[in-house]
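Chemist: After the structure tokens below, expect a handful of questions from me.
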Amino acid sequence: MTTDLGVEATPLALLLLGRESDPASERGTACPGTLPPASEPSLVERARAAKDALGDKVFVLGHHYQRDEVIQFADVTGDSFKLAREAAARPGAEYIVFCGVHFMAESADILTGAHQQVVLPDLAAGCSMADMASAEQVAEAWDVLTDLGLAGDTVPVSYMNSSAAIKASTGRHGGTICTSSNAEVALRWALDSRGRAGRRVLFLPDQHLGRNTAVRSLGLGLDDCVVYDPRKPLGGLSATQLRDATMVLWKGHCSVHGRFSLDCVHDVRRRLPDVRVLVHPECRHEVVSAADLVGSTEFIIRTIEAAPAGSTWAIGTELNLVSRLAKAHPDKAIVFLDKTVCFCSTMNRIDLPHLVWSLESLVEGRVVNRIEVDPATAADARKALDQMLALPAN
Ligand code: 13P
Ligand code: SF4
């Protein structure tokens, strides 16, 4: 479709929340039923009562980027790796309510049994990074590698932040999923040539996590990495560039972590001379290079917990988590790395009214917002997720 301005309309144009659905992407869809208003004073009590009524039938998972009002009802909190493990380890729970984003709930559905149902309280909780790679684009990229005779020694490594269809294609091509907690071991596994063909990795969809891990943890050079733009023929690269690359990085990024800049790091160091800068590996390479420590959300939490009283930290990750850490550690000075407020808007879609609505619906015997991956996709995706779960610990 072409717009009045003659611009090709993107198939991922923003949908008005609650108006239309786009099941082919990570983007949000309608939210049917009666949602309690956010100002309703009894929401906390209602969430507690619904959870008590459901007892062991329900297990609530909460990602660290969730709001305080939601995270208080999580049975377990964690980063995406820990939550995937926790979902797989709860065969007794009939319902898994996932307070996180769509790709996390899909992974939970793949890793749980057929008797279990996964609920995402608001279907609008997608992930803009995951939307930067569609299954069709990834299939085309694989065709490009095949036509150049490169697919045989390329191993796909897909970040957890991707759709089930992409995880399935990763499984079909003998690759693995990774998270920010285990990207290093995943890359080592993929590039280990003993008995495997891995000479090159197709890493998607987050170019920054791929580059940061390859360069910082594996000691590769920046020139071992090329960026593959799915909108351009051959990804915007020459056949030689693709052949010579060790890391073919998908042109995707996180809009939240992408906000942190080198200026933010310089600025905070000027303002707080003793500050230690701690960032998530989804930040840009220059930010990660200028930081003192880099790691997943679990790593960030562990680092702050172990830090001495009186220490000063600037943290470059989602604001809900940074604010919670600052509140939990009043003996340490904790600031947000950016001067501008920056929440992950899709993580924030899960609020107390949606949680209450989904829990009360379950009490009434109605499963709302079920996330269900079709069996064929789930079987292939499971191969790649199981490969991740089988990787040695960091
Ligand atoms: P973690 O793997 O650290 O949980 O990060 C997930 C995510 O979405 C970060 O943006
Ligand atoms: Fe996606 Fe970034 Fe939000 Fe994580 S923080 S869910 S990568 S948009």
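The values are calculated or read from the model by the stated rules, or taken from the named source; none is laboratory data. Every value quoted in this text rests on a predicted model; they were computed, and no experiment measured them. Backbone-built Cβ (ideal geometry, glycine too); neighbour counts: all protein chains shown.
Chemist: Say we look at the stretch 368-394 and pick out the residues that are part of a helix (DSSP H, G or I) and among the small types (Gly, Ala, Ser); which of these is farthest from Ala105 (Cα to Cα)? Even if it seems obvious, please write down each step before you answer.
Modeler: Pass one, the stretch 368-394, residues part of a helix (DSSP H, G or I): 375-390.
Add one more test, that the residue is among the small types (Gly, Ala, Ser), and what stays is 376, 378-379, 381, 384, 390.
Working: Ala376: 17, Ala378: 12, Ala379: 16, Ala381: 13, Ala384: 16, Ala390: 20 Å.
This residue is Ala390.
Chemist: If you don't mind, there's one more thing I want to ask. What residue, of Val287, Val277, Val256, is touching a residue at least 60 places away in the same chain (Cβ under 8 Å), aliphatic (A, V, I, L, M) and within 15 Å of ligand 2 (Cβ to nearest atom)?
Modeler: Val256
Chemist: Somewhere in the stretch 83-100, is a residue under 13 Å from the mean Cα position of the chain (by Cα), buried (at least 20 other Cβ atoms within 10 Å of the Cβ) and more than 19 Å from Ser361 (Cβ to Cβ)?
Modeler: Yes, some residue in the stretch 83-100 is under 13 Å from the mean Cα position of the chain (by Cα), buried (at least 20 other Cβ atoms within 10 Å of the Cβ) and more than 19 Å from Ser361 (Cβ to Cβ).
Chemist: With the structure loaded, tell me whether Ser261 is among the polar types (S, T, N, Q) and in the same structural domain as Arg200 (by TED's automatic domain parsing) or whether it fails that test.
Modeler: Details: among the polar types (S, T, N, Q): yes; in the same structural domain as Arg200 (by TED's automatic domain parsing): no.
Against the criterion (among the polar types (S, T, N, Q) and in the same structural domain as Arg200 (by TED's automatic domain parsing)), Ser261 does not qualify.
Chemist: Taking the stretch 348-367, which residues are in a helix (DSSP H, G or I) and not hydroxyl-bearing (Ser, Thr, Tyr)?
Modeler: Quick first cut of the stretch 348-367, residues in a helix (DSSP H, G or I) only: 348-349, 352-363.
Of everything in the stretch 348-367, those that are in a helix (DSSP H, G or I) and not hydroxyl-bearing (Ser, Thr, Tyr) turn out to be Asn348, Arg349, Leu352, Pro353, His354, Leu355, Val356, Trp357, Leu359, Glu360, Leu362, Val363.
Chemist: Right, another one. Given the conditions (1) more than 13 Å from ligand 2 (Cβ to nearest atom); (2) in contact (Cβ under 8 Å) with a residue 24 or more places away in the chain, which single one is not true for Glu136?
Modeler: Checking Glu136 against (1) more than 13 Å from ligand 2 (Cβ to nearest atom); (2) in contact (Cβ under 8 Å) with a residue 24 or more places away in the chain, the one that fails is (2).
Chemist: Looking only at the stretch 288-309, count every residue that is closer than 17 Å to Ala326 by Cβ, of a type in the set (A, V, I, L, M, F, W, C) and crowded, with 17+ Cβ neighbours inside 10 Å and tell me the total.
Modeler: Residues in the stretch 288-309 being closer than 17 Å to Ala326 by Cβ, of a type in the set (A, V, I, L, M, F, W, C) and crowded, with 17+ Cβ neighbours inside 10 Å: 4 in total.
Chemist: Which one of these is of a type outside the set (Ser, Thr, Tyr), within 23 Å of the chain's Cα centre (by Cα) and within 16 Å of ligand 1 (Cβ to nearest atom): Val185, Val248?
Modeler: Values: Val248 fails: within 16 Å of ligand 1 (Cβ to nearest atom).
Matching residue, one of Val185, Val248: Val185.
Chemist: Then there's this: Looking at (1) in contact with a Ser or Thr (Cβ under 9 Å, 6 or more places away or on another chain); (2) within 16 Å of ligand 2 (Cβ to nearest atom); (3) not assigned by TED's automatic domain parsing to the domain that holds Asp244, which is the one condition that is false for Ala108?
Modeler: Only one criterion in (1) in contact with a Ser or Thr (Cβ under 9 Å, 6 or more places away or on another chain); (2) within 16 Å of ligand 2 (Cβ to nearest atom); (3) not assigned by TED's automatic domain parsing to the domain that holds Asp244 is unmet by Ala108, namely (1).
Chemist: Have a look at Val70, Val119, Val97 and point out the one that is within 16 Å of ligand 1 (Cβ to nearest atom) and within 22 Å of Ser345 (Cα to Cα).
Modeler: Matching residue, one of Val70, Val119, Val97: Val70.
Chemist: Filter the stretch 147-163 down to the residues that are over 16 Å from Thr246 (Cβ atoms) and touching a strand residue (DSSP E or B) at 6+ places or on another chain (Cβ under 9 Å) and list them by number.
Modeler: Let us first name the residues in the stretch 147-163 that are over 16 Å from Thr246 (Cβ atoms), namely 147, 149, 158-163.
Matches in the stretch 147-163: Ser158, Tyr159, Met160, Ser162.
Chemist: Just the residues that are of a type in the set (A, V, I, L, M, F, W, C) and surrounded by 22 or more Cβ atoms within 10 Å (Cβ to Cβ), please, taken from the stretch 337-356. Full working, then the answer.
Modeler: Narrowing the stretch 337-356 to residues of a type in the set (A, V, I, L, M, F, W, C): 337, 341-344, 347, 350, 352, 355-356.
The answer is Leu337, Cys344, Met347, Ile350, Leu355, Val356.
Chemist: Still on this model: Does the stretch 140-154 contain at least one residue that is buried (at least 19 other Cβ atoms within 10 Å of the Cβ), within 28 Å of Ile301 (Cα to Cα) and either within 14 Å of ligand 2 (Cβ to nearest atom) or hydroxyl-bearing (Ser, Thr, Tyr) (or both)?
Modeler: Checking the stretch 140-154: not a single residue is buried (at least 19 other Cβ atoms within 10 Å of the Cβ), within 28 Å of Ile301 (Cα to Cα) and either within 14 Å of ligand 2 (Cβ to nearest atom) or hydroxyl-bearing (Ser, Thr, Tyr) (or both).
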